[in-house]
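S.K.: Dropping the structure in here first, questions after.
The values are calculated or read from the model by the stated rules, or taken from the named source; none is laboratory data. Here the structure is a predicted model, which is why all the values come from computation and not from measurement. No Cβ is skipped: glycine too gets one built from the backbone with ideal geometry, and neighbour counts run over all protein chains shown. Calculation scope for accessible area: heavy atoms of the full protein, side chains included, ligands and nucleic acids excluded. Shrake-Rupley method; radii C 1.70, N 1.55, O 1.52, S 1.80 Å.
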Amino acid sequence: MDTKIGSLDTCKPTNTNICCPAKNGDVTTLQTSAHNAQPIAPPESTLGRHLARRLVQIGVNDVFSVPGDFNLTLLDHLLAEPGLKLVGCCNELNAGYAADGYARSRGVGACVVTFTVGGLSVLNAIAGAYSENLPVICIVGGPNSNDYGTNRVLHHTIGLPDFSQELRCFQTVTCFQAVVNNLDDAHELIDTAVSTALKESKPVYISVGCNLPAIPHPTFSREPVPFSLSPRLSNPMGLHAAVEAAAEFLNKAVKPVMVGGPKLRVAKACGSFVDLADASGYALAAMPSAKGLIPEHHPHFIGTYWGAVSTAFCAEIVESADAYVFAGPIFNDYSSVGYSLLLKREKAIIVQPDRVVIGNGPAFGCVLMKDFLKELAKKIRKNTTAFENYSRIFVPEGKPLKSEPEEPLRVNVLFQHVQKMVSSDTAVIAETGDSWFNCQKLKLPEGCGYEFQMQYGSIGWSVGATLGYAQAVPEKRVLAFIGDGSFQVTAQDISTMLRCGQKTIIFLINNGGYTIEVEIHDGPYNVIKNWNYTALVEAIHNGEGKCWTAKVFNEEQLVEAIDTATGPKKDCLCFIEVIVHKDDTSKELLEWGSRVSAANSRPPNPQ
């Protein structure tokens, strides 16, 4: 008796919204029997088409790819999908960074590379996405399914018949790995991988044998049923207990505050956080990596809490509070400025995506952040004391000294003009380096996007991420701030931005080296070879696509360049190289660098 395996439409949703998997990310299948019947699959019932349709269903319309002989047939099927566009990148690292940037805007991203040489190249970007809780689907064209379990040595490997090296590398930076070398379980593996990425908000790895994408199979004989992913639920008793304990803790406080962290995104709790701020009246701050998640137009917003390098008067209010609610924080050496935050555990309520810890006392598991914040808003008494204290001590920031005619451009003057550019129609991408600190001081209007990679901090990330973010939201104009050292790592994909017709404005800040490293620990290795960056971009442009470049040395030239980029060249990719002094850094970087340096140089503990 033959067995035909087909999808079971057990729970077809009324819409295509993405929720969470029914059970452990598994997609239900049904086995049926037909006496002496041979399964017949239409020619289009292929693995390649199924994967393409799945990507489109979950919101991926652009896949960032680098071709290689193991993934070419799969790429053919992705190209054939009407709702999907292949964006060919210059290298796998940038393809991964682009999928990262895309996921930040769309909620999910995808990239396709070839076996091992491509997989290990994209690995660094996937690790960054893992650290930032981004669902990126990394698809690899793998070896022919007949080669598994043989003693053959393949190209694109390290010369051993064991093909598991790439898989083992990805196991530590993805939440699910699927090696598809058999069509019988391909449907289950692919759907489980994709649904797990959405459920866990982490990257997944899918390796597809190079001989499989074009072969029809009965499991793919029907249109993929859209996922109906069951939402996670809080334990009602645990939720009630956590809310009661937190309300009692906070209602006794004299001047409590709220601080939002980066895990608000993965918890999908930004709205609930703002609701609590409205109900409580507490002063409201954001950790640096949560910038863009907290509405800065909120009447009680007091700025970025970043210890010694916080925005003006924010740290004083937060650290002098007698109770603080941290929602989704990450306390690492960078966000804590070398572990120098003046916070006390007994004063803190730490709310993670599925857990609440109150002071040194009780902890409550299986409590979702968005549920906790929503219910807490109903129990909390209004207390505006901390915000009133902030209002009393706040002094508006001064403006940079006015530049003399043709005086060399200063970074603080640059960002004074950038502030006028940000709007609800823009998004800011800040590269690792001094741009972190200068962009933190920008006041974001409602609707303005903001992204940077603080946890992983991989220099060069922003070029690929800008490509991906701009591709995801073409209606916004991306303003990218990239240091010269970081740009040298990943510059090639300016080419892909031009091919895609993107209209990003890139500010290349040329100060002759790795400035953030200089402030942590200086040495000759932090000095880089200077490039003629505008000439490089013109060479990449090569007369194809819309591109405009400018090199500015003073404020007058900067103003003219910005006017051109936002006026006559508003439909072009604009590249503005800003020449500044090598020692022109923000005061925040100077302070932060010295504290991180001290943390890095701590002697070993006594044995």
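S.K.: Would you please give the residues with an amide H less than 5 Å from that of Cys210, counting only those at least 5 places away or on a separate chain, with H modeled from the backbone geometry?
M.R.: The list, which skips near neighbours in sequence, is Gly142, Asn144, Ser145.
S.K.: List the trypsin sites (Lys or Arg not before Pro) in segment 185-271 that DSSP assigns to loop (not H, G, I, E or B) and whose Cβ has at most 11 other Cβ atoms within 10 Å. Which are they?
M.R.: Values: sites: Lys199, Arg222, Arg232, Lys252, Lys263, Arg265, Lys268; in loops: Arg222, Arg232, Lys252, Arg265, Lys268.
Qualifying residues, ordered by number: Lys252.
S.K.: Run the numbers on segment 175-219 and let me know its relative contact order in percent, using alpha-carbon pairs under 8 Å that are six or more apart. Mind dumping the intermediate values first?
M.R.: Working: 50 pairs, mean separation 22.1, N = 45.
Rounded, it is 49 percent for segment 175-219.
S.K.: What is the set of long-range amide H partners of Ala110 at a cut-off below 5 Å, with H atoms built 1.01 Å from backbone N?
M.R.: Phe64, Ile137
S.K.: Still on this structure, I have one more. Place +1 on the Cβ of every Lys and Arg and -1 on the Cβ of every Asp and Glu in segment 309-448, take the dipole about the Cα centre, and give the residue among Cys439, His417, Leu341 whose Cα lies farthest towards its positive end.
M.R.: Of Cys439, His417, Leu341, it is Leu341.
S.K.: Follow-up. What list of ³J(HN,Hα) values in whole Hz, one per residue of segment 113-127 in order, does the Karplus curve 6.51 cos²θ - 1.76 cosθ + 1.60 (θ = phi - 60°) give from phi, with Gly and Pro shown as x?
M.R.: 9, 9, 5, 6, 4, x, x, 6, 6, 7, 4, 4, 5, 5, 4
S.K.: What do you get for Rg/Rh over segment 307-381 if you use C-alpha atoms and the Kirkwood form of Rh?
M.R.: Ratio value, two decimals: 0.99.
S.K.: Please compute the volume of the convex hull spanned by the alpha-carbon atoms of segment 301-435 and report it per residue in Å³. Present the calculation step by step, with values, prior to reporting the outcome.
M.R.: On the way: hull volume 23.6 nm³, N = 135.
Per-residue hull volume (Cα only) is 175 Å³.
S.K.: Something else about it: Quick check on segment 387-443: take the gyration tensor over C-alpha atoms, sort the square-rooted eigenvalues as a ≥ b ≥ c, and tell me if it's rounded (a/c under 1.5), prolate or oblate. Don't skip to the answer; put the middle values down first.
M.R.: Working: a/c = 1.94, a/b = 1.25, b/c = 1.56.
Because a/c hits 1.5 or more and a/b fails to exceed b/c, segment 387-443 counts as oblate.
S.K.: Report the relative contact order of the chain, percent, no decimals, based on alpha-carbon pairs under 8 angstrom and at least 6 residues apart. Mind dumping the intermediate values first?
M.R.: On the way: 1332 pairs, mean separation 81.7, N = 607.
Computed value for the chain: 13 percent relative contact order.
S.K.: Quick one: 3J(HN,Hα) in Hz for segment 365-378, Karplus 6.51/-1.76/1.60 with θ = phi - 60°, rounded, Gly and Pro as x.
M.R.: Going residue by residue, I get x, 6, 10, 6, 4, 5, 5, 4, 5, 5, 6, 5, 4, 7 Hz, with x marking Gly and Pro.
S.K.: With a 1.4 Å probe and all protein chains left in place, how much of the accessible area of the chain comes from carbon and sulfur atoms, in whole percent? Don't skip to the end; give the middle numbers.
M.R.: On the way: 13330 of 25360 Å².
On the chain, the fraction of accessible area on carbon and sulfur atoms equals 53 percent.
S.K.: Given Pro474, Ala193, Ile505, which one lies farthest toward the positive end of the charge dipole of the chain, if we put +1 on the Cβ of every Lys and Arg and -1 on the Cβ of every Asp and Glu?
M.R.: Final value for the positive-end residue is Ala193.
S.K.: Per-residue HN-Hα couplings for segment 509-514, Karplus 6.51 cos²θ - 1.76 cosθ + 1.60 at θ = phi - 60°, whole Hz, x for Gly and Pro?
M.R.: In residue order, the calculated couplings are 8, 9, 10, x, x, 8 Hz.
S.K.: Another question about this same structure. Counting pairwise Cα distances across the chain, what percent come out greater than 43 angstrom?
M.R.: Details: 48746 of 183921 pairs.
Of all Cα-Cα distances in the chain, 27 percent exceed 43 Å.
S.K.: Here's another thing I want to ask about it. What do you get for Rg/Rh over segment 452-498 if you use C-alpha atoms and the Kirkwood form of Rh? Please report the intermediate quantities before stating the final value.
M.R.: Details: Rg = 10.6 Å, Rh = 11.1 Å.
Taking Rh as the inverse mean 1/r over Cα pairs, Rg/Rh reads 0.96.
S.K.: Whole number in Å², please: accessible area per residue of the chain, 1.4 Å probe, ligands, DNA and RNA not counted.
M.R.: Details: 25360 Å² over 607 residues.
Accessible area per residue: 42 Å².
S.K.: Now for a separate question. Between Lys529 and Lys587, how high is the FRET efficiency from 1/(1 + (r/R0)^6) when r is the Cβ-Cβ distance and R₀ = 30 Å? Nearest 0.05. Could the numbers behind the result be given before it?
M.R.: Working: r = 28 Å, r/R0 = 0.95.
Working from the Cβ atoms, E equals 0.60.
S.K.: Which entries in Lys420/Lys569; Lys476/Lys546; Lys347/Lys379; Lys382/Lys441; Lys291/Lys420; Lys402/Lys551 show an alpha-carbon gap greater than 24 Å? All intermediate terms of the calculation are to be shown ahead of the outcome.
M.R.: Numbers: Lys420/Lys569 18 Å; Lys476/Lys546 17 Å; Lys347/Lys379 19 Å; Lys382/Lys441 29 Å; Lys291/Lys420 18 Å; Lys402/Lys551 21 Å.
In this structure, Lys382/Lys441 exceed 24 Å between Cα atoms.
S.K.: Here is a follow-up. Between rounded, prolate and oblate, where does segment 41-140 land on the alpha carbon gyration tensor, with a ≥ b ≥ c its root eigenvalues, rounded for a/c under 1.5, else prolate if a/b exceeds b/c?
M.R.: On the way: a/c = 2.08, a/b = 1.35, b/c = 1.55.
It is oblate, given that a/c is not under 1.5 and a/b is not larger than b/c.
S.K.: Would you grab the residues whose amide H sits under 5 Å from the one on Leu573? Only those 5+ places off in sequence or on another chain, please, with H modelled 1.01 Å from N.
M.R.: Amide H neighbours of Leu573, under 5 Å, 5+ apart: Lys546, Cys547, Trp548.
S.K.: Could you check the simple spin-label distance between Asp278 and Ala598, using points 7 Å along Cα→Cβ, in nm with one decimal?
M.R.: 4.2 nm
S.K.: Also, I was wondering about something else. For an R0 of 56 angstrom, estimate the FRET efficiency from the Cβ-Cβ distance between Glu538 and Tyr339 and round to the nearest 0.05.
M.R.: Working: r = 46 Å, r/R0 = 0.81.
Calculated transfer efficiency: 0.80.
S.K.: Another question, then. Would you mind working out the magnitude of the charge dipole of the chain relative to its Cα centre, with +1 at each Lys and Arg C-beta and -1 at each Asp and Glu C-beta, to the nearest 20 Debye? Provide the component values of the computation, followed by the final result.
M.R.: Numbers: 51 positive and 61 negative charges, 305 e Å.
Roughly 1460 debye, rounded to the nearest 20.
S.K.: Something else now. Using 1/(1 + (r/R0)^6) with R0 = 45 angstrom and r between the beta carbons of Asn144 and Asn61, what's the FRET efficiency to the nearest 0.05? Each step should come with its number before you reach the end.
M.R.: Values: r = 30 Å, r/R0 = 0.67.
FRET efficiency, Asn144 to Asn61: 0.90.
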